[in-house]
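Here is the structure we will look at.
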Amino acid sequence: MNIIPKHENTILIVDDNSANLELLREILSKEGYFIKLARSGKEALLQISEKSPSLIILDVMMPGMDGFDLCSRIKNNAETKKIPVIFISALEDDESKIKGLQAGAIDFISKPFIHKEVTVRVKNHLEIRNMQIELEEINNQLKAEIYDRQIAEKLLNESNEKFSKVFSVSPYVQIITSIEDGKIIEVNDAIYTIGGYTRTEAIGKTTFELSFWLNVATRSEFIKKLSTEGTVLNYEISLRRKNGEIFDALVSGDFITIDEKKCIFSIIHDISNRINTEKALEESRKNLMALNTTKDKLFSIIAHDLKSPFNSIMGFSELLKKNIHTLDTGKIEEYLDHIYDSSKKTFILIDNLLIWAKAQAGKIEYKPQPTDIEKIFQEITTETESQGRIKNISVSYFQSEKIIIHADINMIKTILRNLIVNAIKFTRPGGKINLFALTRENMAEITVSDNGIGMNPEIAQGLFKSNIHESTTGTANEKGSGLGLQICMEFVERHGGKIWAESEPGLGTEIKFLIPQSQKK
């Protein structure tokens, strides 16, 4: 699919507040978009009439013509109704949002807005609109092809007087073959365009001598169908061009008599372009669905999972600010520990969010290389040691044999980091988390074990059998998004391995996954 470059997307921002205009211009200009500004509804309509923007960001509260009225005028105009409109306003009541959506807006961003939220929503809506434009173009092309074919078939049913002209000028191969010996009696010039043969090369030869049919069975099946039904319409088969290329075609046929000789009249329509277009359309549909799913997941995490750690950070920060002169050192350290813990969790969540979003968009490169698993264990335990210390949980590894894996180092670290953080979440204070690896034929079996609260075996068995991972509360009421396990499963499968969990309630959990060993000695 051809995604329109950002610099070709024009965004019109409409707001009577100059500060808001300049802030939004700064945010979106950095993303590479071309920005136009309007300070009133009247000015916006004038700019839109001169050249339609790709997207409009519209403030609700403006003097004179407010945002709702302006949006309604845009949507009631046949030339501008398809331009996506995003409202941005300090109004947060449901009635205002519903009124905006009824006016034709596709989204509603509340002030004060988050910079990242604005860029993500603008990017998503522009991608969706650009795909809609391309899908409309593909659909129009398909309609044009179908229309051309219907016209051609209608002409073929007209009188014999017009038959000769239609036969010679048709863009489809029209061929008459003798039933007695299978030789081509007449064919139009389209056989050169579609099959690569000239009329001189084709006339007097059989289609098998031209290698037009892939095999005897295919032609026999077509003749049998023709004999049974009398007329065959749009029989889909594969044929061979002169250069050996195989292509998809629709063949229509009927029996005719020429000079008392029974013949078959066939029309061959090359549909390889249509097949490719249909595949592209289906791929576009899947991509659009994937984008919508990704967008919904992102919005859900931003709206819910990020709120909890930020509330904790703001709450303890406020306590420190108000009571800094009266709190003892121990209390200050306790509050700072809470702030650090929440900040770390927020960082991990955002990091996972970015990794997952890139993975869904296919933007993460897979670069496997030989590496010592013990070296990765050493780095990752050092990295996660501080997170375990908050709950007095030790994170260590034991590796008795040297194992060289063939893997993407960053992906393996991401897998282990998420599994360790997950283990810390479900392990009580004072617990232990261990990492080790064993050889399993040509694979390395890597294990992250804990002595935490465990889970029912039925839950453990289904943990990595779904693309949907619901988050549960940890031993210290830790929250999560469920993205970590999703990323682990996708990255393990990217290596051609598998991941599973073994657990019993109260006896801890072992998460194991297989990664290929390096074949280099």
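The values are calculated or read from the model by the stated rules, or taken from the named source; none is laboratory data. Nothing here was measured: the structure is a model prediction, and the numbers come from that model. When we count neighbours, we look across all protein chains shown, and the Cβ atoms used for this are built from the backbone with ideal geometry, even at glycine.
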Exercise. Of the residues Arg73, Arg39, which single one is charged (D, E, K, R), touching an Asp or Glu at 6+ places or on another chain (Cβ under 7 Å) and at pLDDT 90 or above?
Worked result: Arg39
Seminar exercise, completed: If we keep only residues of the stretch 200-220 that are outside any loop (DSSP other than H, G, I, E, B) and at pLDDT 85 or above, then the residue farthest from the chain's Cα centre (by Cα) is Thr200
For this session: Kindly indicate the residue of the stretch 366-405 that is part of a loop (DSSP other than H, G, I, E, B) and without any contact (Cβ under 8 Å) to a residue 40 or more places away in the chain and also nearest to Ser449 (Cα to Cα) among those meeting that condition.
Result: Phe398
Problem set entry | Given (1) closer than 29 Å to Tyr147 by Cβ; (2) part of a loop (DSSP other than H, G, I, E, B); (3) at pLDDT below 85; (4) not β-branched (Val, Ile, Thr), number of the condition Tyr197 does not satisfy | (3)
For this session: Quick one: Ala90 ticks every box in (1) free of Cβ contacts under 8 Å to residues at least 40 places away in the same chain; (2) surrounded by fewer than 17 Cβ atoms within 10 Å (Cβ to Cβ); (3) more than 20 Å from Arg39 (Cβ to Cβ) except a single one, so which number is it?
Result: (3)
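Test of understanding: among Leu46, Leu24, Leu70, Leu28, which residue is of a type in the set (A, V, I, L, M), under 28 Å from the mean Cα position of the chain (by Cα) and more than 27 Å from Asn287 (Cα to Cα)?
The unique qualifying residue is Leu24.
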For this session: Output yes when any residue across the stretch 27-50 is closer than 28 Å to Leu354 by Cα and touching a Cys at 6+ places or on another chain (Cβ under 7 Å), and no when none is.
Result: no
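Can Leu46 be described as assigned to a helix (DSSP H, G or I) and either of a type in the set (Ser, Thr, Tyr) or over 15 Å from Phe87 (Cα atoms) (or both)?
Yes: the conditions hold for Leu46.
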Problem set entry | Residue satisfying all of: in the stretch 378-397; at pLDDT below 90 and not hydroxyl-bearing (Ser, Thr, Tyr); farthest from Gly508 (Cα to Cα) among these | Glu383
